[in-house]
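The structure under discussion appears below in the form of structure tokens.
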Amino acid sequence: MRDILNISARRTRRASSALILQPSRAIPLATVPDEVLEQILQFCTRASLLRLTQTCHRLSLLATKAIYRHVRPTTTPQIVGFLVAVCFYPHTRPLVRRLELDIKHAPAPAHEVSLSLYEPFHRTDVVRWALKLGTRRVLAHRYVLRDFQSLLAAALGHMGNLTHLELLFPEGSGAVPRDDEDVVTRRLLGQCTFQLTRLNTTLRFGSALAAFLQKQHSLRELQICTAAPLASLDVTDPKFLQKGTLSSLVCLSWTSRVPVEIVRHLMRGREVYKINIAFYVGVGDIAPLLDIGAGWENIRIANFTFRDSRQPTYAQLEAICARFPNVVGLGIAIVTLTEDFGVNLAKVLSRYPHLKCLLIYDQTHETDAYKKAVQYSRRWFKECATLTRIRLYVCDSPIKLGKKVRRSATFYDDLLRLT
């Protein structure tokens, strides 16, 4: 009898232990595929990726790949260090897919490398690179370390897999002299083999940049800030951005310093549906700058930036509405959100028959801008029957306003959500 009780007790313990949830075994990192690790590393900071490069060979390769996929150096030493790495370490060249070089906003500490395109590097900088990279390697590529222009041209020529390029030079500082801008553009981009999908540059739009764009068959977004005098460009020449080039272009951005004739030539025969225009201080009548030709019918998204604190006026908002009445998305960046702007915009919004999304960006971010934005938004919703979303960048946290239309009547329910 005692043996039977012992057997039943054992069975009871086994059954109870089977019901207990055992912790799952930890998955070894070595069994995780590289594709999954690459997705995980996209959420890591640059500091974390640099630490991963010091762990093991496999993680070092994956972390290096993640670091060079999107490069955005913010200081002068970081810019020069990246370009030197691309020139002297060949394994980093095919990894770069997106490059943003904002040279005009890069701080240069005292006694650091100069980023002037014509000023040669200091001898002490070259000696420091020779000690770090090796004298034999530096002597074999000494032409690269003559000046910043040579270093940048060599690095751009090595990055064959580049798809996004942002190249911003200081304006009005003599970094790129007007007489030599085409020469500089031809030297920087003339030998490049990459196919871009996005290009944003402050290099002057001239014959050299036009020749570079003719080779870009996958370019979808183009942003230019300045252009050569129209007399020096023969836009009627069949070889000037001939038919069939830039066939993938869908977004075009320019400033008030670009002649509208060049914009018309870029728009002609291309399916551009999104435009971004920046107006500098001193521009009054913007109607001639908005005359982009027959392509205005295809514009669905239009963004406008006003650098003058007194703009936009009612006449300017009216000119935008008259030129692009079929837009679905409208964005306006202003210096300060004022009552005149809110009232003038409400008068114009009633003339947009298809507008669905409105974006307002305030550069000053005043303390009471939030309350003003909410008050104006209610009136904007009321004036435009098709408007359903408003995004306001007037404070530290963006504001999203939505309007929900009921089926039974034209009654609107305003929903305010902070993000």
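General remarks:
- Within the accessible surface of the stretch 38-87, defined with a 1.4 Å probe on protein heavy atoms only, the carbon and sulfur portion equals 58 percent.
- Reach of Lys132 by Cα under 30 Å, taken over lysines that are not fewer than 8 positions away in the same chain: Lys65, Lys104
- Those residues of the stretch 72-88 whose amide nitrogen sits under 17 Å from the label point placed on Asp125, 7 Å along Cα→Cβ: 73-88
- Atom-type composition of the exposed protein surface of the stretch 232-335 places 51 percent of the accessible area on carbon and sulfur (1.4 angstrom probe).
- Surface per residue (accessible, 1.4 Å probe) for the stretch 238-331, Å²: 43 Å²
- Reducing the stretch 277-299 and the stretch 332-357 to their Cα centroids gives an inter-centroid distance of 17 Å.
- Near Val335: Cβ cut-off under 13 Å, other residues only, Lys/Arg at +1 and Asp/Glu at -1. The net charge is -2.
- Proximal charge balance of His158 [Cβ under 14 Å; K/R count +1, D/E count -1]: +2
- Length added when fully stretched, Arg58-Arg389, from 0.36 nm per residue minus Cα-Cα: 114.5 nm
- Cross-link pairs exceeding 25 Å between alpha carbons, from the set Lys347/Lys372; Lys215/Lys274; Lys347/Lys403; Lys274/Lys371: Lys274/Lys371.
The values are calculated or read from the model by the stated rules, or taken from the named source; none is laboratory data. As the structure is a computational prediction, the values presented were derived from the model and not from experiment. Heads up, the Cβs are rebuilt from the backbone with ideal geometry, glycines too, and the neighbour counts pull from every protein chain shown. Accessible surface is based on the protein model in full, side chains and every heavy atom, while ligands, DNA and RNA are left aside. Shrake-Rupley method; radii C 1.70, N 1.55, O 1.52, S 1.80 Å.
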